[in-house]
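To keep things clear, I will list the structure first and then write my remarks on it.
Values in this text are rule-based calculations from the coordinates and carry no lab data. What you see is a predicted model; the values in this text were computed from it and never measured. All Cβ positions, glycine included, derive from the backbone under ideal geometry; neighbour counts span all protein chains shown.
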Amino acid sequence: MSDFIMLKNVRISFPHLFTKPIINGDEGKFGCALMLDPKANAEGIQAIQSNIDDFIKTKAKGKKIPSEKLCLRDGEDKGREEYEGYRVLSANTGTRPLVLSTNGKDQIHDEEKCPIYSGCYVNAKVRLWWQDNKYGKRVNCELIAVQFAAEGQPLSELHVSTEKAMEGFESISDEDSEFLGDDDIDLDFAA
């Protein structure tokens, strides 16, 4: 029922694209939260909502599904200040999503070379799916692929650009680095 949905220029939060997170001691899934602006991303929101409505009509037989069981929610419902004014799509996957370079053709396999950080803008391909098992009935979203689209205000103080990290460092001459001689370094860290 659900086709792929392309989302353009949406902000990403909590990107776990290369390693699964550990949440309360348990291994989570690859994925992220995608922050959709109600005006700029109206077309994507409409496509997602249409899929959700179809699942509720056909799979849930029209029965109401609580908002916490839907992959798309109002930012205010998520309890994070930075989500206010956005619609937030939780997109996860059991297998590593495809991470594409800015040319849209090459894959990025190394997290260290990936420009995506929490707060930047990305393009993402997702697919919605219906869950009906011992964990309940809900509409989930699978993250298929993601691509860096543009810089954005970091949502975490943890992100530091390469340029910012390199500020203040200067070239060190051989004379300045005498203190790095083997005789001066004590590598015995044993307690």
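Tell me the label-point distance for the pair E81, D106, using the 7 Å Cα-to-Cβ offset, in nm and rounded to one decimal.
3.9
So for region 73-161, averaging the separation of alpha carbon pairs under 8 Å that are six or more residues apart and normalising by length, what relative contact order in percent results?
30
What ranking do S101, S171, S156 get, fewest neighbouring Cβ atoms within 10 angstrom at the top?
By the 10 Å Cβ count, ascending, the order reads S171, S156, S101.
Mind checking region 20-115 for GluC sites (Glu not before Pro) that DSSP puts in a loop (not H, G, I, E or B) and that have at most 16 other Cβ atoms within 10 Å?
For GluC sites (Glu not before Pro) across region 20-115 that sit outside H, G, I, E and B with at most 16 neighbouring Cβ atoms in 10 Å, the list reads E84.
What list do you get for Y121, Y83 if you sort them by fewest beta carbons within 10 Å?
Y121, Y83
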